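Below is one structure, written out as C-alpha cells; comments come after it.
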Amino acid sequence: MTINDVCGVIKGRVLLPGDDGFEQAATAWNLTVRQPVAAVAEAADADDVAALVRYARRAGMTVTAQPSGHGASGDVEGLILLRTGLLNEVEVHEQERVVRVGAGATWGQVLTATGPLGLTGLAGSALGVGVTGYTLGGGVGWFSRRHGLASGSVRAVEIVDADGVPGRVTAESDPELFWALRGGGGDFALVTALELGLYPAPGLYGGRVIWPERRAREVYEAFLEITAEAPRELSVWVNRLQPPGAPPMVTLDLAYLGEAGQGEDLLVRIDKIEGAISDSRGVVPLADLGAIAAEPTAPAPSIARAELLTGLDADAVELLLAKPVAPLVNVQIRHLGGALAEPGGGAGAGGVVAEPYLLGLVGLGLPHAADATRAKQAEVVADLESYVAGRKPYTLLTPGETAAESFSGGTLARLREIKRARDPHNVFRANYPVLG
C-alpha cells in the first residue's frame, strides 16, 4: 500500500506533492511554518474522516487534522494532513443553550448564529480561528474570566477513533476520553463535531482606545487599577504596539459582557488619560467581537511567544516600559483570573489557570527580521524572569515548544497513558503531541 492509494479512499479532494494546488493546500496559517506532509486530504463529510482513518491505520500512517492551519507546529513530515474546513455546520438549540459545531466551523460563524439569540460561546480574540482546535486545547478568550476555559463548555464530542469507528463521547459514556479531549489537544481521536454549552449575553460593551507611546505609563497604571477591581464580566488587555512604518503606540482592549451603561461606569478611569488617538468604545455585536483586538484576518509570517505571569505590579511595568517594543510588533498583557483560577470548573485536562496575567509577544517572521524577533522575545522574558510562571496555555504553544510546557507532570502522565491506550499505533498526531 502506497500513499497514492489514498486518492481513492474519500469522496473529497486528495492532493499529493507535485499536484496543482498541493502547496497552497498544505500551507499553514502562519506563513513561517512549513508543512512537509505526504498528502493533503479534504474531507467532504464525517464519513470521509472515518474512511481516511481506516486507510491510515492499515497503511501504518499518521493523520494530523487542521481546518485552517492555526496553531500549526510544522512537525508533520510524512503525515497525511486532513483538512476539515468543509465540516462547518453550526446548529443552535436555543432552548437547551447548546450549539453543535462541525470540525471546520469558526468562532465567527458560531457568534453570528448565537448573537441574535442573546447567547454566546466562549470565543477567543480572532473569530477566524476554528472552534474545534481552540476548544480541544483549552481556549482562553474574552469571556474566560466569567465562564472559564472554552473546554469547560463541551457537552459532547463526535469522534472517529483510531480504528476508524465513529462515536459520540460524553462524561457518562467515556469519562476518561472526555476528560482528555477537553483541554488535552487532538492526540486521542479525530473530532468531527462538538456540542458546546452557550451562555447568556445580555449585551457586549467594548472596543479599543489608542494613545501615543508617551502615554504608556499612564495607560499601564490605569490597567493595574482597573484589573485590581474588575468584575468577572470585564476583560482588559494592554498592548504596546509598533506597527511597521507607524509611530509606537499603546492601547487598551476592552470587553464587558453586560449592559453598556455598566461597562461605561467600570471604565471611567480611562477617560482621565488625555490625548487618545482613537476610541472605539461602544456596544459591540457578538459577531464583531474580533474587531476589538484587531488581529490579522489573513495568513501572514509571524513569530509569537506566550508566557503566563504570576503577577504584575509597578516594578514589572517599569521593566515593560524600559525598552522599545521594536523589533516586535506587539507586547501584550491580558488580565486573566476569575473563573479560570477556580478548581472544579469542569475544564477537563485544561485544568486551572491560576496565573493572573498572560504575556504575548509577536513579531514579524520575515527572513530578515526573524532572528531579531526571537532575540527580543527572549530579552523581554528574561527581564520579567521573576514574574514568569514557566508554563504556557496549550493553544498558544509555538514551533519548537512541547506539550510538556503546558501541563503539570500528573496531567501529562495521564494524557500519555490515554494516548497509548486509545491510539497505540499513533494514527493521530496533534500539533503538539503529548508524547512529543
All but one of (1) among the charged types (D, E, K, R); (2) crowded, with 20+ Cβ neighbours inside 10 Å; (3) out of contact with any Phe, Trp or Tyr (no Cβ under 8 Å at 6 or more places or on another chain) hold for R416, so report the exception by its number. (2)
Residue list for the range 381-415, filter: under 22 Å from the mean Cα position of the chain (by Cα) and part of a helix (DSSP H, G or I): V381, Y394, T395, L396, A403, A404, E405, T411, L412, L415
Are any residues in the range 131-160 closer than 19 Å to L52 by Cβ, in contact with a strand residue (DSSP E or B) (Cβ under 6 Å, 6 or more places away or on another chain) and not hydrophobic (A, V, I, L, M, F, W, C), and if so, which ones? T132, E158
Selected residue [modelled with pLDDT of 95 or more, crowded, with 20+ Cβ neighbours inside 10 Å, within 27 Å of R34 (Cβ to Cβ) and not hydrophobic (A, V, I, L, M, F, W, C)] from T402, T395: T395
Residue, modelled with the lowest pLDDT, within the range 336-370, restricted to residues that are closer than 17 Å to G139 by Cα, among the hydrophobic types (A, V, I, L, M, F, W, C) and part of a loop (DSSP other than H, G, I, E, B): A347
Looking at G139, G152, which one is crowded, with 21+ Cβ neighbours inside 10 Å and under 22 Å from G85 (Cβ atoms)? G139
For K272, work out the one condition from (1) in contact with a helix residue (DSSP H, G or I) (Cβ under 7 Å, 6 or more places away or on another chain); (2) more than 21 Å from A291 (Cα to Cα) it doesn't fulfil. (1)
Near pairs, Cβ below 6 angstrom, 6+ apart or cross-chain, from the range 76-88 (closer than 17 Å to T192 by Cα) to any residue that is modelled with pLDDT under 95: T84/P67; G85/P67
Within the range 77-88, residues being under 20 Å from the mean Cα position of the chain (by Cα) and of a type in the set (D, E, K, R) number 1
Quick one: is V427 over 18 Å from the mean Cα position of the chain (by Cα), closer than 20 Å to D253 by Cβ and among the aliphatic types (A, V, I, L, M)? no
Filtered residues of the range 70-95 (kept if at positive phi and surrounded by fewer than 22 Cβ atoms within 10 Å (Cβ to Cβ)): G74, G78
Out of (1) loosely packed, with under 13 Cβ neighbours inside 10 Å; (2) β-branched (V, I, T); (3) not in a loop (DSSP other than H, G, I, E, B), the odd one out for I333 is which? (1)
So is E342 outside the structural domain of S125 (by TED's automatic domain parsing), charged (D, E, K, R), touching a residue at least 60 places away in the same chain (Cβ under 8 Å) and surrounded by fewer than 18 Cβ atoms within 10 Å (Cβ to Cβ) or not? yes
Residues in the range 225-258 that are surrounded by 15 or more Cβ atoms within 10 Å (Cβ to Cβ), more than 16 Å from H335 (Cβ to Cβ) and not small (G, A, S) total 4
Going through A326, A316, A287 one at a time, which residue ends up being assigned by TED's automatic domain parsing to the domain that holds P231 and either buried (at least 19 other Cβ atoms within 10 Å of the Cβ) or in a strand (DSSP E or B) (or both)? A316
Take the range 168-205 and flag every residue that is among the small types (G, A, S) and touching a residue at least 12 places away in the same chain (Cβ under 8 Å). A180, G183, G184, G185, G186, A189, A193, G197, A201, G203
If we keep just the residues of the range 4-43 that are more than 17 Å from A65 (Cα to Cα), in contact with a strand residue (DSSP E or B) (Cβ under 8 Å, 6 or more places away or on another chain) and in contact (Cβ under 8 Å) with a residue 40 or more places away in the chain, which is surrounded by the most Cβ atoms within 10 Å (Cβ to Cβ)? T32
Verdict on T373 being part of a helix (DSSP H, G or I) and closer than 30 Å to L79 by Cβ: yes
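The values are calculated or read from the model by the stated rules, or taken from the named source; none is laboratory data. Predicted, not measured: the structure shown is a model, and the values here were computed from it. Glycine gets a Cβ as well: all are built from the backbone with ideal geometry, and neighbour counts include every protein chain shown.
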